[in-house]
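Here the structure comes first, spelled out in structure tokens, and everything after it is commentary.
The values are calculated or read from the model by the stated rules, or taken from the named source; none is laboratory data. Everything numeric here is computed off the predicted structure, so don't read it as measured data. Neighbour counts run over all protein chains shown; Cβ positions are idealised from the backbone, glycine included. Only protein heavy atoms, including side chains, enter the accessible area calculation; ligands, DNA and RNA are left aside. Shrake-Rupley method; radii C 1.70, N 1.55, O 1.52, S 1.80 Å.
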Amino acid sequence: MKRVIVVDDCEADRYLIRRMIERRQTDVDFVECPDAPSALRYFEQADWFAQRNFSGDKGAAGDAPETVLLVDINMPRMNGFQFLDQLQDLMKERQVPANALWIAVLSSSRARQDRARAAGMLVVDECLAKPIELADLDRLVPPLNSGLSA
Amino acid sequence: MDESVKLSRVLEDRFAPFDRAPTAMLVADRKGVIVYANQLAAATFDYECEELIGSSVDVLIPTDVRAVHTHLRQAYTEYPATRRMGASRDLEGLSRSGRRVPVEIGLTPLRLEGVDLTLAFVLDLTGRTRQEDRFRAVTEAASHGLVMVNREGTIVLANGAACSMFGYEKGQLLGQTIEMLVPRDRALKHRVYRASYAERTEVRPMGFGRDLFGKRSDGTEFPVEIGLMPLDSDDGRFIVATVIDLTERKRIETEIRRSNEHLLRLNEELSGFSYSVSHDLKSPLASICGLVDLAARELAENDLEGAAETLAKIGERGRHAGQLVDDILDLARTDFETGAVEDVDLRATVQDVLVSLGSFAEQRKVELINDVPHGLSALSQAVRLRQVLKNLASNAVKYSCDQNGPPFARVSASASGDRIEIQVEDNGLGIPADCRHQVFGMFQRFHPQHSDGSGLGLALVKKHVESLGGTIRFESSAQGSSFVVAIPEGERTEQ
């Protein structure tokens, strides 16, 4: 089953993504984390990575990735980058390949320094501008029945 | 024929070729009577030749040295020799009008017709002295210090600028060693450097790449820049040093460096500000755009319940954006706030602020306590002080919790020296340890679940406190936070 994990301190933005996914009536496991520490705790659950099979090469044969992680950059206390640094360490520690997750960072600004920093992070697959577009969602989480998505 | 007549004939005869010579010549006998003067000699002292012949040389000698001269003249006639007169002394003659004429005189014994005479060559130095005067005037007028030393390091010239720079009276430096102007710990080395420089010929700055210091008469040191130039003259080699007092320049340099650092800091702050604004200010707009699209689709599908919820979110984000803009404007305005600085009664001000927070505190079940004693006042701008207190007190309410007993926010104050310390404390959540260094930064939020504030409140507080000439510090733990603002005290009133 597809899984979408959103890490964003802004409740309205989490609501937006949740609603967009709900309305597609796709079978998606949707996880919301209101801040980075709670997201880390989620991944640290001893069996989280172990339960999953990471043999699949992401992007291969045009398949959409199994697990999508959407991370807001601008969060208080621990921002998106700091969170991803720690997540990267955790993945290394658990010997999880970098392509186990499709990771997109979200930002409402077009600050160049953010894009540069994101590009430099191995685990980051793409940068998305807020608000997230329906087309992005279609790509990341293809709808069961495309007729319903409009 | 009379002896003297015969002598004057011989003189006329012999000296005729020198009448118009370009060198002033005088001949006197043993008694000091002038027996011959050529035209230039007479002109030097504003006389006609005929007037001088037959007069005593005394008429050409300033009255104050006349007596001495008589003795010297007699001594000369006893031991006549060809020599310069008044060696190493400044000689002066006296003109008909009483003007003193600087001269150099060469003497030669002469015997004519059995009479011992003295031939004097007189060199009028007026022109040369004028040049020296001009040199001295230029030297004096120079704004740089000029010090000239001889090979031994003895000061032979120091202009006014040099004297006042080093704290000496005019003339006090002459004959002193140059090392008296050099800081004691460097004087020995200086002696060595000086000796080696005296052998060279280049014009160069002194102490290349080192900071040089001069020593004043009171022993204090000051930064200097020194240029060196060798000067060769008949009297040997001299070293001319130009000295520039760098005290003012260094002060300005420091000032420029300081203001540069300040500007850099401001610039950093500004770029941090624009980064934060681009995130924080755009974020609600991005949410709103996304939510509006969603609401449109929900409406199109007649999902009225969903649309209503989405619209409510839009309203929330819109209000948040408005609050953010207000806070940013408040922060920007702190620099321009120009209320009068006056005595502000503390207890009354705190009371006003707490009353304004009354309903918010009630809603969050926080007890507001005004513990400020009567009679204390701050020398402050009321508007700023109110903003500071309101922000701190509303934070105390906002971040309250009931884990540490019934929540409260207490304001107290005390005088400490010439300052008033105002304390705002609570028993709320406290500031997480890893965030305490960012407390006064902009757009810092530490409890996003508890508040959707702009993260500008404490940045604003800090700016206000600094504008009031005060300081702010805080302590925080899981048992609560305490902010202490120290500002200048006003007039105390007795109760």
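Tabulated values for the structure
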read-out: Within segment B:1-60: Cβ-based charge dipole about Cα centre, in debye rounded to nearest 20 (Lys, Arg +1; Asp, Glu -1); value: 260
read-out: Cross-link table B:Lys282/B:Lys462; B:Lys6/B:Lys31; B:Lys390/B:Lys463; B:Lys365/B:Lys398, entries beyond 20 Å C-alpha to C-alpha; value: B:Lys282/B:Lys462
read-out: Percent antiparallel among DSSP beta bridges (both partners in the protein assembly as shown, rounded to 5); value: 75
read-out: 1.4 Å probe accessible area per residue over the protein assembly as shown, in Å²; value: 54
read-out: Delta accessible area of at least 50 Å² on complex formation, residues of segment B:406-447, 1.4 Å probe, chain isolated as reference; value: B:Arg445
read-out: Apportionment of accessible area to carbon and sulfur, segment B:103-225, percent (1.4 Å); value: 55
read-out: Rounded, prolate or oblate (a/c below 1.5 giving rounded, otherwise prolate when a/b exceeds b/c) for segment B:1-75 by Cα gyration tensor; value: oblate
read-out: Residue-wise HN-Hα coupling along segment A:101-117, computed from phi with Karplus coefficients 6.51, -1.76, 1.60 (Hz; x: Gly, Pro); value: 10, 9, 10, 10, 9, 10, 8, 8, 9, 9, 3, 4, 5, 5, 5, 4, 5
read-out: Hits among lysines - C-alpha to C-alpha of B:Lys189 under 16 Å, sequence gap 8 or more where chains match; value: B:Lys215
read-out: Built amide H within the under 5 Å cut-off of B:Glu367, gap 5+; value: B:Phe408, B:Ala409
read-out: Area buried, chain B against chain A - accessible surface, total, 1.4 angstrom probe, square angstrom; value: 2400
read-out: Given charges at beta-carbon only (K, R positive; D, E negative), |dipole| of segment B:39-152 in Debye; value: 380
read-out: Amide hydrogen neighbours beyond the local backbone of A:Val31, cut-off 5 Å, H modeled; value: A:Val4, A:Ile5, A:Val6
read-out: Amide hydrogen neighbours beyond the local backbone of B:Glu342, cut-off 5 Å, H modeled; value: B:Ser380, B:Gln381, B:Ala382
read-out: Of all accessible heavy-atom area on segment B:414-466, the percent that carbon and sulfur account for (1.4 Å); value: 44
read-out: Value at 222 nm in deg cm²/dmol, rounded to 500, when DSSP H runs of n ≥ 4 in chain B each add -39,500 (n - 2.57); value: -13500 deg cm²/dmol
read-out: P(r) of the protein assembly as shown over all Cα-Cα pairs, binned every 10 Å from zero, in whole percent; value: 3, 11, 13, 11, 10, 9, 8, 7, 6, 6, 6, 5, 4, 2, 0, 0
read-out: Simple Cβ-charge dipole of chain B, Lys/Arg +1 and Asp/Glu -1, about Cα centre, in debye nearest 20; value: 1600
read-out: Interface residues, segment A:15-34 - accessible area loss of 50 Å² or more versus chain alone, probe 1.4 Å; value: A:Tyr15, A:Leu16, A:Arg19, A:Arg23
read-out: In degrees, nearest ten, helix B:382-398 long axis to first principal axis of chain B (Cα); value: 40
read-out: Diffusion constant of segment B:177-301 at 20 °C, which comes from Stokes-Einstein with the Kirkwood Cα-pair radius and 1.002 mPa s, µm²/s; value: 105
read-out: Distribution of pairwise C-alpha distances over segment B:366-483, 10 Å bins, in %; value: 13, 47, 33, 7, 0
read-out: Coordinate range along principal axes, alpha carbons of segment B:86-234, Å, largest first; value: 73, 34, 25
read-out: Cα gyration tensor shape for chain B, rounded if a/c is under 1.5, else prolate or oblate; value: prolate
read-out: Relative contact order [Cα under 8 Å, 6+ residues apart], chain B, whole percent; value: 8
read-out: Neighbouring partner chain Cβ atoms per residue of B:304-313, average, 10 Å criterion; value: 2
read-out: Those residues of segment A:109-145 for which accessible area with every protein chain present is at least 50 Å² below the isolated value (1.4 Å probe); value: A:Pro131
read-out: Cα-based helix-to-principal-axis angle, B:457-467 vs chain B, degrees rounded to 10; value: 30
read-out: 3J(HN,Hα) from dihedral phi, segment B:265-278, Karplus parametrisation 6.51/-1.76/1.60, rounded to Hz, x for glycine, proline; value: 4, 4, 5, 4, 4, 5, 5, x, 5, 5, 4, 5, 4, 5
